[in-house]
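Data block below; observations after.
The values are calculated or read from the model by the stated rules, or taken from the named source; none is laboratory data. Note that the structure is a prediction, hence the values are computed from the model and not measured. Counting neighbours? That spans all protein chains shown, and the Cβs are built from the backbone with ideal geometry, glycine included. Side chains are part of the model used for accessible areas, which takes the heavy atoms of the whole protein and leaves out ligands, DNA and RNA. Shrake-Rupley method; radii C 1.70, N 1.55, O 1.52, S 1.80 Å.
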Amino acid sequence: MSIINYIEKFRKLNRELFTTPSHGQGGFIIPDSGKYLGNKVFECDYSETDGFDNLSNPTGIIRDLMSYAADVYDSKATFFLTNGSTSGIIAAMLSVLRKNDKVLIARNCHRSVYNGLVLTGAIPIWIMPQYNKEWAIFESVNFEYMEEILSKNKDIKAIIVTNPTYEGVMSDIYRISHICKKYNVILIVDEAHGALWNFHKALGTPALMQGADIVIQSLHKTAGALNPSALLHVGKESFIDTKIIQDSLNLLNTTSPSYPLLLNIESTIRYLDSEKGKFYIYDLVKNINRFIRSIKSIPNLQVYYGNNDITKILLKVTNLTGYELSNILFEKYGIEDEMANEQSLLLLTGVGTTKKKLKRLEKALFELCSDNIKIVKDTDNLYHYSPVEPRVRYTPSLVWNAAYKEIEIKYALSKIAMEVILDYPPGVPILLPGEIIKKEHIEYLQFKNKLKIKVLA
Ligand SMILES: Cc1ncc(COP(=O)(O)O)c(C=O)c1O
């Protein structure tokens, strides 16, 4: 069964609904909402009306759809998320961690992992992935170092890894999952940026196929769905009880999930899994590869090439910082990037990245680089980020809502932070509540012209 088919069928029944949502599937549409969203969104917007099933306890069409998705992804169970990977990551943590459980986390994680730490009361043990100063990005996590930590901390319950990273870099999930099995540790993989991997081998190998227990993917990031459609998968071999995942999701989710988003999740999976969809992705990958080959011939331009997903194009141009390159692309060519740092610039592609779009970017890059770049890299005004090993004094949950005071940055050394300090994007934490403020943090905050910081009172 399908939400799409059921809506068609339901409309023919000619029922009169005295239920939420009150717009009555378009009985009246607020004019500007209709103008910009289209009437169809309202026509598909139901609550748990007769036959529409219930996302918090699926027994009908949603259950059937999720089991179809589990077949597509070859998972033990797949859950539809209408509140992004953020909700999936937190639900995964709530499912496997309890208060004071230890969890090993690669520090280049998304902010939602911090939220999960607050809600679970788990104790984070941070592992720093390799940092590439040439590109100013985190690279993969060292699985041997992970094993060393696990061998010394036999009470670690779970590991959380972001794969691929925001910039597309991959870690060796296969090795990590083997280590996890050896030490009886649950592996959660944030694959928010890898939602196309199941549909093209050249992009990356899905963590589900490499033995991860829980994998979370954002369908809206690269796979063409609306914000914030996502999926949570449980690995086929995992011993995790899928009921606990549902219960955890129910702690977080609204009781009025969006049917337009559920429909969008269904149609996205069906399309990606179809011959047409596979051909579309095949063509997309071909176009991106062609684009990369072409821009590699540009003098002064470098494309990041490591163990990475090619839908994330990381570039740098001699004599320009990533910020400067970003400004020129924006001001002169009307091209907006995903992220820039002191070294490089990130351009995201995916479903919707047309040949025409790539051509425009390609032309701009050729022109820009042959333009005799006169801007001399403004290195004086650059902060050279270097990852700082966190020192956790209190867990995020212990200091959540604790009394704090605001002090000037210059007096903050060795105090305990009560703020989340992130560089956004990518949103990787630099300092989290409960961590001791180091000299390097102060330098960073002063560079960012931050005058005050909240510290534990
Ligand atoms: C690595 C990573 N994980 C998780 C998320 C959260 O995803 P969502 O926007 O689907 O909640 C993001 C969002 O930027 C991300 O970059």
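Rolling a 1.4 Å sphere over the protein heavy atoms, what is the accessible area per residue of the chain, to the nearest Å²?
47
Please give the length that would be gained between Tyr383 and Lys278 if that part of the chain were fully extended, namely 0.36 nm times their separation in residues minus their C-alpha to C-alpha distance (nm, one decimal).
Value of the extension gain: 33.5 nm.
What number, in percent, do you get for the relative contact order of the stretch 229-374 if the mean sequence gap of Cα pairs under 8 Å and at least 6 apart is divided by its residue count?
Relative CO of the stretch 229-374 lands at 19 percent.
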Task: Stretch gain in nm, segment Tyr411-Phe330, where the contour uses 0.36 nm per residue and the Cα spacing is subtracted - done: 25.3 nm
TODO: Please sort through the DSSP H helices of the chain and keep those with an alpha-carbon extent of at least 30 Å along the long axis and a Kyte-Doolittle average not below -1.0.
DONE: 275-296
- [ ] Report, largest value first, the span of the C-alpha coordinates of the chain along each principal axis, in whole Å.
- [x] 69, 55, 46
Task: Extension gain (nm, one decimal) between Val72 and Lys355, 0.36 nm per residue minus Cα-Cα - done: 99.1 nm
Task: Members of Lys35/Lys355; Lys221/Lys278; Lys99/Lys243 lying beyond 23 Å, as alpha-carbon distances in this model show - done: Lys35/Lys355
Task: For the stretch 301-310, 3J(HN,Hα) per residue [Karplus equation, 6.51 cos²θ - 1.76 cosθ + 1.60, θ = phi - 60°, Hz, x = Gly/Pro] - done: 10, 10, 10, 5, 9, x, 8, 9, 7, 6
- [ ] Would you mind computing, in nm to one decimal, how far apart the modelled labels at Asn5 and Ser294 are, each placed 7 Å from Cα along Cα→Cβ?
- [x] 4.2
Task: Asn307 paired with Lys363, simple spin-label distance in nm, labels 7 Å along Cα-to-beta-carbon - done: 3.9
TODO: Can you pull the one-decimal nm distance between simple spin-label points at Ser267 and Asn184, each 7 Å off the Cα toward Cβ?
DONE: 4.8
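Could you please state how large a percent of the accessible area of the stretch 79-205 is carbon and sulfur, counting protein chains only and using a 1.4 Å probe?
Answer for the stretch 79-205: carbon and sulfur cover 47 percent of the accessible area.
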